[in-house]
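The values are calculated or read from the model by the stated rules, or taken from the named source; none is laboratory data. Computed from a prediction, not measured in an experiment: that's the story for all the values here. With ideal geometry, Cβ positions are generated from the backbone for all residues, glycine too; neighbour counts draw on all protein chains shown.
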Amino acid sequence: MTPASEPARTAAAEVAQIIRRARAAQAEYERWPQERIDEAAVACGWAIMKPGNNRVLAEMAVRDTGLGNVADKLLKNHRKTLGLLRDIEGVRTVGVIAEYPERGVTEIARPVGVVAAITPSTNPAATPANQIINALKCGNAIVLAPSPKGWSTCAALVGFVHAELAKVGAPRDLVQMLASPVTKDATYELMRQADLIAATGSQANIRAAYSSGKPAIGVGQGNVVSIVDASADLADAAAKIARSKTFDNATSCSSENSVVILATVYEAMLGKLARAGGVMLDAGEKAMLQALMFPGGKLGPAATAQSAPHIAQLAGLDRPDLRAARFLMVTEEGAGPGFPFSGEKLAPVLTVYRARDFDEACALTRRIYDYQGKGHSVSLHTRDDTQALRLGLELPVARVIVNQAHCIATGGSFDNGLPFSLSMGCGTWGGNSFSDNMHWRHFLNITRIARPIPEKVPGEDEIFGSYHAKYGD
């Protein structure tokens, strides 16, 4: 066995101290009654929703990461936290949480212990807050490993959280974070020493979480396709796609990356997208944008979460109409490494495809997901609900978002029934262990008491009767 390097040994010792403090705090906290646990979770929510705190966090996030915009981060921090608090209100996470007398089963909620939360630079306040609330709602402690760019914002959030936890008498060490600079050694040690890993961000971090030897809930890559059916309300679809594509400069993994438009409404839909603020690039301009965004054929950071006019300027595009563009559009026909615009972009750039009919739209969407984004979600604009059911039955996606602004809807919204979250599981399609929106239930263990009930043994004819009748003995 190769001896550990000095940085690795130092990281292991520093993380061990953090974990020890977290375990001591959690051992006290897990004995709290439900009412006090709920109070602590709400306190953490107020730490980010308090208007002055929210403003500080949003401005710091944009200043220090260079990603997104302040107005949308304010809205995201507020709505995502408010929605999560609504989802967990009244949910029992302490003691007996369910009784099933007919089965003789009693379910008891138990904490998982210390959660390691790996969080991204794209949402350096909203995602940590979401994980903190879920962890504390379930009686756990949590240690955050923010991205280096997001460290300052996360540190400010943790300071606000500590101030609110003090008000309710909760141990300060329930919520901690790694020291700056956050190193790979420290992050890997945190994953190794914690009890559960909740990982959001780069696929490298997700793979590391799954290979750490500890239970992990990690999310998949986004590359959302929006299909516009011939029956769609085109103006409504364009407005919602534009809103989703531009929200926080497309920092969300749920922002549409491509739109597949049926041929019969293709030209009309392009007109609606143009009226919603999209500007179509010609072939030469597309090549200049590709050189900026995909140096060497791989997505680079230059355009990530920047405004459309700024991206155009960086690419050397100087058409007057680009100075007021909300998002840029390029046409494409193929999918895969040879067609980089068919992949995830994390920028207000929308790839436009034309499909003969719904069959071709489904086939094209599948090819795009075979390249990137399998398991995440698909967007559909239609008046024919059978099309949504078809996508749910046929495509490798965990969510079908119908007639909504996708990046706002897929992580839960006040007008749909999905749990509020900033972390989307993509199932086995996306290499994940779950296909739900990450929420409080993923932060609990459940102990089950099983008591004897009257025995009910089925006869062989009940089980095999129809089989034998059809196929013989």
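Some notes on this structure:
Matching residues to (1) acidic (D, E); (2) over 18 Å from A24 (Cα atoms):
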residue	(1), (2)
E99	yes, yes
E102	yes, yes
P124	no, yes
A129	no, yes
A135	no, no
V143	no, no
L157	no, yes
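- Among the conditions (1) farther than 29 Å from T93 by Cα; (2) modelled with pLDDT of 95 or more, K456 misses just one, which is (2).
- Here R55 meets the list (1) in contact with a helix residue (DSSP H, G or I) (Cβ under 8 Å, 6 or more places away or on another chain); (2) of a type in the set (K, R); (3) in contact (Cβ under 8 Å) with a residue 24 or more places away in the chain almost entirely, failing just condition (3).
- For segment 349-366, the criterion of a residue being more than 23 Å from L262 (Cβ to Cβ) and either out of contact with any His (no Cβ under 6 Å at 6 or more places or on another chain) or touching a residue at least 24 places away in the same chain (Cβ under 8 Å) (or both) is satisfied by no position.
- Per-region count, segment 41-100, residues among the small types (G, A, S) and more than 30 Å from I446 (Cα to Cα): 6
- Flag for S180 being out of contact with any strand residue (DSSP E or B) (no Cβ under 6 Å at 6 or more places or on another chain), touching a residue at least 60 places away in the same chain (Cβ under 8 Å) and not in a strand (DSSP E or B): no
- The combined condition, being surrounded by fewer than 21 Cβ atoms within 10 Å (Cβ to Cβ) and closer than 21 Å to S255 by Cβ, is not fulfilled by P337.
- First in segment 451-465 and touching a residue at least 12 places away in the same chain (Cβ under 8 Å), second anywhere and surrounded by 10 or more Cβ atoms within 10 Å (Cβ to Cβ) and not in a loop (DSSP other than H, G, I, E, B), Cβ under 8 Å, 6 or more apart: R451/V105; R451/T106; I453/R103
Conditions (1) acidic (D, E); (2) within 30 Å of the chain's Cα centre (by Cα); (3) within 25 Å of S255 (Cα to Cα); (4) in a loop (DSSP other than H, G, I, E, B), marked per residue:
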{"residue": "D415", "(1), (2), (3), (4)": "yes, yes, yes, yes"}
{"residue": "W429", "(1), (2), (3), (4)": "no, yes, yes, no"}
{"residue": "H442", "(1), (2), (3), (4)": "no, yes, yes, no"}
{"residue": "I446", "(1), (2), (3), (4)": "no, yes, no, no"}
{"residue": "E455", "(1), (2), (3), (4)": "yes, no, no, yes"}
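- Residues of segment 436-471 satisfying the condition of being surrounded by 11 or more Cβ atoms within 10 Å (Cβ to Cβ) and of a type in the set (D, E, K, R): D436, R441, R448
- Hits in segment 305-323 - residues which are surrounded by 15 or more Cβ atoms within 10 Å (Cβ to Cβ) and either touching a strand residue (DSSP E or B) at 6+ places or on another chain (Cβ under 8 Å) or not assigned by TED's automatic domain parsing to the domain that holds A242 (or both): A308, I311, A312, L322
- Hits in segment 137-176 - residues which are among the polar types (S, T, N, Q) and in a loop (DSSP other than H, G, I, E, B): N140, S147
- Scanning segment 258-281 for residues that are surrounded by 21 or more Cβ atoms within 10 Å (Cβ to Cβ) and either touching a strand residue (DSSP E or B) at 6+ places or on another chain (Cβ under 6 Å) or among the hydrophobic types (A, V, I, L, M, F, W, C) (or both) yields S258, V259, V260, I261, L262, M269, L273, G278, V279, L281.
- Conditions (1) of a type in the set (A, V, I, L, M, F, W, C); (2) farther than 24 Å from R356 by Cβ; (3) at pLDDT 95 or above; (4) out of contact with any helix residue (DSSP H, G or I) (no Cβ under 6 Å at 6 or more places or on another chain): number failed by A302: (4)
- A129 vs. criteria small (G, A, S), at pLDDT 95 or above, within 22 Å of I19 (Cβ to Cβ) and under 16 Å from the mean Cα position of the chain (by Cα): yes
- Segment 289-299 - residue that is modelled with pLDDT of 95 or more and loosely packed, with under 15 Cβ neighbours inside 10 Å and, of those, farthest from the chain's Cα centre (by Cα): A291
- Whichever residue in segment 166-216 is crowded, with 16+ Cβ neighbours inside 10 Å and polar (S, T, N, Q) and, among such residues, is nearest to W440 (Cα to Cα): T200
- Residue in segment 293-307 that is without any contact (Cβ under 8 Å) to a residue 24 or more places away in the chain, of a type in the set (A, V, I, L, M) and not in a loop (DSSP other than H, G, I, E, B) present: no
- Residue ID - nearest to the chain's Cα centre (by Cα), chosen from residues in segment 371-395 that are among the aliphatic types (A, V, I, L, M) and closer than 30 Å to K298 by Cα: V378
For every residue, the table says whether it meets (1) among the basic types (K, R); (2) within 25 Å of V259 (Cα to Cα); (3) in contact with a Ser or Thr (Cβ under 7 Å, 6 or more places away or on another chain).
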| position | (1), (2), (3) |
| --- | --- |
| P396 | no, yes, no |
| T410 | no, yes, yes |
| S413 | no, yes, no |
| G431 | no, yes, no |
| F434 | no, no, no |
| L444 | no, no, yes |
| P458 | no, no, no |
| D461 | no, no, no |
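- Positions within segment 24-38 being of a type in the set (D, E, K, R) and surrounded by 17 or more Cβ atoms within 10 Å (Cβ to Cβ), in sequence order: D38
- On inspection, R86 qualifies as under 19 Å from the mean Cα position of the chain (by Cα), over 22 Å from R448 (Cβ atoms) and modelled with pLDDT of 95 or more.
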